[in-house]
Amino acid sequence: MPHLNKQGKTTQLIVDDKPFLILGGELGNSTFTSMEYMEPVWPKLKTMNMNTVLAPVYWELIEPVEGKFDFELLDKLVKEARNNNLKIVFLWFGSWKNSMSSHAPSWVKKNQARFPRIKDDKGISHEILTPFSENNLEADLKAYKALLKHLKESDENDHTVIMIQTENEIGMLPTAKEYSSLANERFKENVPTELMQYLIKNKENLAPEFNEIWGKSGFKNSGTWEEIFGAGLQTDEIFMAWYFAKFTNSVIEAGKAEYPLPMYVNAALNRPESKPGISYPSGGPLPHLMDIWRAGGPSIDFLSPDFYFPDLKHWCDLYTRQGNPLFIPEHRFDNTVAAKAAFSLGHYESIGFSPFSVESSAHPENEPLGKMYKVIGQLTPVITAHQGQNKIEGVLLDKQNQECVFQLGNYEFKVRHSYTLGYENNSRNDTWDMAGAIFVQTGDDEFYVAGSGIVVTFRNVSNPSLNVGILKVDEGKLENGKEWKVIRHLNGDQTHQGRHVRIFLDDYSILRFELYNYN
Ligand code: DGJ
């Protein structure tokens, strides 16, 4: 059974009894709707060396008539993924897809009396199911349960489906909270004891930006939402986050009772200073609301960011607080993804990486992502064996961030973008393509690096009076996950006569190298 497991500080996804790194790609929203449409997509995924596809399950297609489930298409698609040796992370497009309820079946959409919508501050309803309705919860939960029951019956022996994202980019629009009578009643009530108890118990570890909000009322521990958190958009958002988290948690609990796959939620990120509901979906699993989501969603395994903004490191730092494992289910499919895959798997020891709409590639054989996945795929057993022990690092470099320094064992590594050497043609360009790599320490003096665009020099930090030399550098491949096969022994010009270890930017390779010390 796929599950999460802690190794040291790192959470690993275990699939078929082995730690698994998701080298993934998410499909465009409407791509997984027929075998025919998927036919040319499977080979693209394979060409890009993906081991996992992130693909929607559409509520409207699996339950076209209430209580009558149709899993025929889903079964065929799962079988085809299996034939292609691909794992699946299913995205449950249930009640919410980018805030909206566009994937709800017609019997839900057309019965507003039974399945109420949210209302904005002007009393206007939108195509968004309210999380405050028991009927809405029950309908989503029953469908999700049926899905998980079916997956258990059909996939329990193969484990093609390894994880589920429950709903997609949940959040309230176009106002920070909703104003249906159901919501208004709840908003007048005291903050639920369950939430207050969580906050009191975890007070020392709450996200600082959330603590600051609570602190303004002197950490009051009972009262209405506005008495505890103050009146305003931030409280409206906290209120929505709680009820979205509770709803999603109930759906997840019901699903896990059938078949306990790991389950997570994803978020549309907010620009700094932007207003909830007005400029971004309010109440989603965002860093400033992570305490609310963790309190309301104890069965949610982790919260994930979707990247359509450039500042990967900033958001990943926020998402990895409180031990939240990092998985990046979406990133704009741009020319930074190869480097960022290596960086996130190295620096954050993430569960995996997955750009969005990967089938849009016209030339999958040329995709840098595919080249990066090839080398990381080979190195996976080495990476996972050393996770959680301060033996792995990742780098991400461009013209603005040309170098970084970190320590592995006794050594300080100074890693620079390979363009700093000035050998490569594009090094005089105004912008530099991103370089990224993952480093693993496998012995006191032995290391692997996989990636592109880096040049590395070393210092002994335990004994700075010693000089560090390079004993040997081999470029190679790891066969069957364990046999290291040397393709090229690198020295001379390729190591600047023993001064550095490097991989140029248009090259994606694995190097194994040994260092030594001399007086
Ligand atoms: C984020 C969503 O989660 C995806 O399903 C898709 O709609 C993309 N945005 C589109 O850019």
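The values are calculated or read from the model by the stated rules, or taken from the named source; none is laboratory data. In this text, all values refer to a predicted model and were calculated from it rather than measured experimentally. Counting neighbours? That spans all protein chains shown, and the Cβs are built from the backbone with ideal geometry, glycine included. Side chains included, ligands, DNA and RNA excluded: accessible areas come from the protein's heavy atoms. Shrake-Rupley method; radii C 1.70, N 1.55, O 1.52, S 1.80 Å.
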- Inside the stretch 291-331, can you point out the residues that are of a type in the set (Phe, Trp, Tyr) and at pLDDT 95 or above? Trp293, Phe302, Phe307, Tyr308, Trp315, Tyr319, Phe327
- Item | Test: residue in the stretch 295-307 that is in contact with an Asp or Glu (Cβ under 9 Å, 6 or more places away or on another chain), away from the ligand (no atom under 15 Å from the Cβ) and touching a residue at least 60 places away in the same chain (Cβ under 8 Å) | yes
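Going by the structure shown, is Pro310 within 19 Å of Ala268 (Cβ to Cβ), open to solvent by less than 30 Å² (accessible area, probe 1.4 Å) and within 16 Å of the ligand (Cβ to nearest atom)?
Working: within 19 Å of Ala268 (Cβ to Cβ): yes; open to solvent by less than 30 Å² (accessible area, probe 1.4 Å): no; within 16 Å of the ligand (Cβ to nearest atom): yes.
Against the criterion (within 19 Å of Ala268 (Cβ to Cβ), open to solvent by less than 30 Å² (accessible area, probe 1.4 Å) and within 16 Å of the ligand (Cβ to nearest atom)), Pro310 does not qualify.
Out of Leu173, Leu141, which single residue is at pLDDT 95 or above, of a type in the set (A, V, I, L, M) and either within 16 Å of the ligand (Cβ to nearest atom) or surrounded by fewer than 19 Cβ atoms within 10 Å (Cβ to Cβ) (or both)?
Details: Leu141 fails: either within 16 Å of the ligand (Cβ to nearest atom) or surrounded by fewer than 19 Cβ atoms within 10 Å (Cβ to Cβ) (or both).
That would be Leu173, the only listed residue that is at pLDDT 95 or above, of a type in the set (A, V, I, L, M) and either within 16 Å of the ligand (Cβ to nearest atom) or surrounded by fewer than 19 Cβ atoms within 10 Å (Cβ to Cβ) (or both).
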- Task: Quick one: in the stretch 60-109, of everything that is surrounded by fewer than 21 Cβ atoms within 10 Å (Cβ to Cβ) and of a type in the set (Ser, Thr, Tyr), which residue is farthest from the ligand (Cβ to nearest atom)?
- Result: Ser106
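Using the structure shown, decide if His347 is at pLDDT 95 or above and either closer than 25 Å to Ser462 by Cα or surrounded by 15 or more Cβ atoms within 10 Å (Cβ to Cβ) (or both). Talk me through it step by step, then tell me what you get.
Working: at pLDDT 95 or above: yes; either closer than 25 Å to Ser462 by Cα or surrounded by 15 or more Cβ atoms within 10 Å (Cβ to Cβ) (or both): yes.
When the stated conditions are applied, His347 passes them.
Name the one entry in Gln378, Gln400, Gln389 that is in contact (Cβ under 8 Å) with a residue 24 or more places away in the chain and assigned to a loop (DSSP other than H, G, I, E, B). Spell out how you get there, then give the answer.
On the way: Gln378 fails: assigned to a loop (DSSP other than H, G, I, E, B); Gln400 fails: in contact (Cβ under 8 Å) with a residue 24 or more places away in the chain.
Selected residue: Gln389, the only one of Gln378, Gln400, Gln389 that is in contact (Cβ under 8 Å) with a residue 24 or more places away in the chain and assigned to a loop (DSSP other than H, G, I, E, B).
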- Which residue, of Ser418, Ser354, is within 16 Å of the ligand (Cβ to nearest atom) and open to solvent by less than 20 Å² (accessible area, probe 1.4 Å)? Ser354
- If you take just the strands (runs of 3 or more DSSP E) that sit entirely in the stretch 439-519, which of them hold at least 3 residues that are within 17 Å of Gly377 (Cβ to Cβ)? 446-452, 467-479, 483-490, 509-518
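What residue, among those in the stretch 357-371 that are open to solvent by less than 10 Å² (accessible area, probe 1.4 Å) and of a type outside the set (A, V, I, L, M), is nearest to Ala437 (Cα to Cα)?
Gly370
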- Query: Looking at (1) more than 16 Å from the ligand (Cβ to nearest atom); (2) open to solvent by less than 10 Å² (accessible area, probe 1.4 Å); (3) touching a helix residue (DSSP H, G or I) at 6+ places or on another chain (Cβ under 7 Å), which is the one condition that is false for Phe132?
  - Reply: (2)
- Query: List, please: which pairs have Cβ atoms under 8 Å, are six or more places apart or on different chains, and start with a residue in the stretch 218-233 that is at positive phi and end with one that is surrounded by 14 or more Cβ atoms within 10 Å (Cβ to Cβ) and aliphatic (A, V, I, L, M)?
  - Reply: Gly223/Val191; Gly230/Ile213
- Task: Return only the number of the condition from (1) more than 23 Å from the chain's Cα centre (by Cα); (2) open to solvent by less than 10 Å² (accessible area, probe 1.4 Å); (3) over 28 Å from Leu86 (Cβ atoms) that Asp155 does not satisfy.
- Result: (3)
- Before we move on, is His288 under 28 Å from Met48 (Cα atoms), open to solvent by 10 Å² or more (accessible area, probe 1.4 Å), more than 16 Å from the ligand (Cβ to nearest atom) and at pLDDT 95 or above? no
- Query: Out of the residues in the stretch 263-285 that are polar (S, T, N, Q) and under 26 Å from Asn205 (Cβ atoms), which is most open to solvent (accessible area, probe 1.4 Å)?
  - Reply: Asn270
- Message: What pairs come out if I take residues in the stretch 82-98 that are under 19 Å from Glu39 (Cα atoms) and part of a strand (DSSP E or B) and pair them with residues that are hydroxyl-bearing (Ser, Thr, Tyr) and within 13 Å of the ligand (Cβ to nearest atom) whose C-beta lies under 8 Å away, six or more apart or interchain?
- Response: Val89/Ser354
